[in-house]
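Colleague: Pasting a structure below so you can have a look.
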Amino acid sequence: MKILQAVVRNYLESGEPVGSRTISKYTDLNLSSATIRNEMADLEEMGYIIQPHTSAGRIPTDKGYRLYVDCMLDEKEKELDEIKGVLLQKEEKLDDMLKQAAKVLAVNTNYATMITAPRYAKNKLKFIQLSRVAEGQLLAVIVSEGNVIKNHIIDTEEDLDDESILKLNLLLNTNLTGLSVEEINLQMITVLKKQAGVHSDIIGNVMDAVAEAIHSDDDLEIYTSGANNILKYPELADREKAGELIHTFEEKQPLTELALGSLASENTGIQVYIGEEAPIESLRDCSVVTATYEIEDGIKGTIGIVGPKRMDYDKVVGTLKQLKNQLDEIYKKG
């Protein structure tokens, strides 16, 4: 574990593959380079690190990051006076305070950040009906409690046959009927998308429609900052990757699924999504760390930080915990 932690920490700092000689100098294990090489070979065999073909050093895999993060999350919380000081200032408006918090979070971490305004969804889903209205278009009829009916047109890349539409209707209603948006979590959406196979995009579009239909008429307010910080990390600075990531933060709509999933989670603590675990396709090369701040009566908001997989997890988690606690206190004080 100490060798794995040393590999992860060195890679976080340098972005370069880590060799056994570096580890022997970095740790207090007092082991020879040969012994460390043997241990690193075992870690590679277990899938925690990988050796790029261009280098003799190793870098962490998603599995390695996951073990590192899980162990790190058990450590004590860190106090961040800068965040605390900013949040305790009396802001005239809620949105000004949240915008400021997002900016401070981005400056403090050097990553991209998002914060949603708190909201409460009391309506539950009663029924979803997908039907074909034209070639490449589906009509989603969404019925919520109180028999409120809302219709949404969903564009599709292909014309679905009756059997495919029937299967999607069964899949959606079997899993979602009777649930509020707060209860439709990221894991559930991910499973639904996997079961939908080639039609996973339709599930995502339906989720957006459901969220809009059974929430209040107001859009989910999402405040973002630091999207350009992404360009500071070579592994994310590729034109195509960077373009997708910045577009995600500029458009904000893709972040709605992330926010709603976080709000729906029973775990109001820290959630860490590494690489392929990320619920948004454009974030699959990143790590995403979220936290939920909660007011009485189930009113919640989401805080999120997006950065490279070699992000400084200790700092990010400490920052989020402090921000979450301060938002809880501020809201409860009125």
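Colleague: Go through the range 225-278 and report how many residues are in a strand (DSSP E or B) and loosely packed, with under 13 Cβ neighbours inside 10 Å.
Modeller: Qualifying residue count, the range 225-278: 0.
Colleague: Going through the range 13-39 one residue at a time, which ones are of a type outside the set (Gly, Ala, Ser) and farther than 26 Å from Gly307 by Cα?
Modeller: Arg21, Lys25, Thr27, Asp28, Leu29, Asn30, Leu31, Thr35, Ile36, Arg37, Asn38, Glu39
One line per residue, one yes/no per condition, for (1) in a helix (DSSP H, G or I); (2) surrounded by 19 or more Cβ atoms within 10 Å (Cβ to Cβ); (3) assigned by TED's automatic domain parsing to the domain that holds Val306; (4) at pLDDT 90 or above:
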position	(1), (2), (3), (4)
Ile59	no, yes, no, yes
Asp96	yes, no, yes, no
Gln100	yes, no, yes, no
Lys103	yes, no, yes, yes
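Colleague: Let me ask something additional. Out of everything in the range 116-146 that is of a type in the set (Gly, Ala, Ser), in a strand (DSSP E or B) and surrounded by 16 or more Cβ atoms within 10 Å (Cβ to Cβ), what residue ends up being modelled with the highest pLDDT?
Modeller: So the residue we want is Ala140.
Colleague: Another question, if that's okay. When you scan the range 1-46, how many residues do you find that are surrounded by 14 or more Cβ atoms within 10 Å (Cβ to Cβ), among the acidic types (Asp, Glu) and under 28 Å from the mean Cα position of the chain (by Cα)?
Modeller: Final tally of qualifying residues: 1.
Colleague: Restricting attention to the range 27-53, and to residues there that are of a type in the set (Ser, Thr, Tyr) and in contact (Cβ under 8 Å) with a residue 24 or more places away in the chain, which single residue is farthest from Ile270 (Cα to Cα)?
Modeller: Filtering the range 27-53 for residues that are of a type in the set (Ser, Thr, Tyr) and in contact (Cβ under 8 Å) with a residue 24 or more places away in the chain, the one farthest from Ile270 (Cα to Cα) comes out as Thr27.
The values are calculated or read from the model by the stated rules, or taken from the named source; none is laboratory data. Keep in mind that this is a model prediction, so the values were computed, not measured. FYI the Cβ positions are ideal-geometry reconstructions off the backbone, even for glycines, and counts take in every protein chain you see.
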